[in-house]
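The values are calculated or read from the model by the stated rules, or taken from the named source; none is laboratory data. If you're wondering where the values come from, they're calculated on a predicted model, not measured in any experiment. Note: ideal-geometry Cβ built from the backbone for every residue, glycine included; neighbour counts use all protein chains shown.
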Amino acid sequence: MWAQKVGEQLGHPTRSVAGWLVSKFLKTYNQVLEENTVRLSGIQPGDTVLELGHGPGLGLQSAAKLLTEPTGRLIGVDYSEYMHQMASERLKELVACGKVTLHHCDVAALPLADSSVDKVFHCNCYYFWPDLKKGASEIHRVMKPGGLMVTTLRLSSVAAFAAKRVLPGENWRPEAYMAALRESGFTDVRMEDKQHKHITFQAIYATALK
Ligand SMILES: C[S@@+](CC[C@H](N)C(=O)[O-])C[C@H]1O[C@@H](n2cnc3c(N)ncnc32)[C@H](O)[C@@H]1O
């Protein structure tokens, strides 16, 4: 019962005591992963960059610093209203000047034009998507030809959460997501082990073939 409740809040935090605790956990435990995902995405100053399931917005904050050219744009999407509001508050100056746009929406229905995004990154997000193929196809649709997608996870923690039934079903398995990416038109799909100080994590890369 508790596992299901924690899983629900991790997958879709709500404005509640449980949601607040989850947001604290995300900010402390995942900051390093969010920052490393941004680093691995190879963001260029004039890129259009999209983060999926940004949660409290620490990764967005870190990506925004790299988009120093006037054409550089950052987009974030999250279907949790609570997380959308938390990130909107964190990035309010950048949202106000139009550098950052945040959408309260589902990954499976992005309000973005075809072939409009250079880099996509996400962190601890795909495990919650009910249909990985739908999510991966939607990412592929909005990416420019040759664009790079990067996602990171701490596989040992994710597997432990899945064993305790905090995560639903089998979608947490990297192989499942990588298969969905290949089926959706991505190429060079691979997972690498990474180390940052004392933390080991995994990065999944995929290039949009069009
Ligand atoms: C575990 S949290 C991770 C947040 C942040 N990326 C991090 O690592 O700290 C998962 C986030 O993805 C969002 N999310 C999950 N499924 C989503 C979907 N289908 N569409 C949009 N957002 C989604 C949730 O609302 C939540 O904010």
Among the residues of the stretch 25-34, is there at least one that is at pLDDT 95 or above, buried (at least 23 other Cβ atoms within 10 Å of the Cβ) and out of contact with any Leu (no Cβ under 8 Å at 6 or more places or on another chain)?
-> no
Expected output for the stretch 82-94 (first residue touching a residue at least 12 places away in the same chain (Cβ under 8 Å), partner of a type in the set (F, W, Y), Cβ below 8 Å, 6+ apart or cross-chain) is none
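Report yes if some residue within the stretch 29-40 is more than 9 Å from the ligand (Cβ to nearest atom) and in a loop (DSSP other than H, G, I, E, B); otherwise report no. Reasoning before the result, please.
Taking the stretch 29-40 and keeping what is more than 9 Å from the ligand (Cβ to nearest atom), we get 32, 35-36, 38-40.
Narrowing the set further to residues that are in a loop (DSSP other than H, G, I, E, B) leaves none.
Within the stretch 29-40, none of the residues are more than 9 Å from the ligand (Cβ to nearest atom) and in a loop (DSSP other than H, G, I, E, B).
Of A64, A87, A109, which residue is surrounded by 15 or more Cβ atoms within 10 Å (Cβ to Cβ), within 12 Å of the ligand (Cβ to nearest atom) and of a type in the set (A, V, I, L, M)? Give the derivation first.
Values: A64 fails: within 12 Å of the ligand (Cβ to nearest atom); A109 fails: surrounded by 15 or more Cβ atoms within 10 Å (Cβ to Cβ).
Selected residue: A87, the only one of A64, A87, A109 that is surrounded by 15 or more Cβ atoms within 10 Å (Cβ to Cβ), within 12 Å of the ligand (Cβ to nearest atom) and of a type in the set (A, V, I, L, M).
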Scanning the stretch 143-180 for residues that are in contact with a Ser or Thr (Cβ under 6 Å, 6 or more places away or on another chain) and within 15 Å of the ligand (Cβ to nearest atom), the one farthest from E51 (Cα to Cα) turns out to be T152
- Message: When you scan the stretch 4-13, do you find a residue that is at pLDDT below 95, hydrophobic (A, V, I, L, M, F, W, C) and within 20 Å of S157 (Cβ to Cβ), even just one?
- Response: yes
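Take V142 and decide whether it is of a type in the set (V, I, T), under 23 Å from T14 (Cβ atoms) and either crowded, with 18+ Cβ neighbours inside 10 Å or in contact with a Phe, Trp or Tyr (Cβ under 6 Å, 6 or more places away or on another chain) (or both).
no
Would you call H103 within 11 Å of the ligand (Cβ to nearest atom) and free of Cβ contacts under 8 Å to residues at least 24 places away in the same chain? Break it down into steps so the answer makes sense when it comes.
On the way: within 11 Å of the ligand (Cβ to nearest atom): yes; free of Cβ contacts under 8 Å to residues at least 24 places away in the same chain: no.
No.
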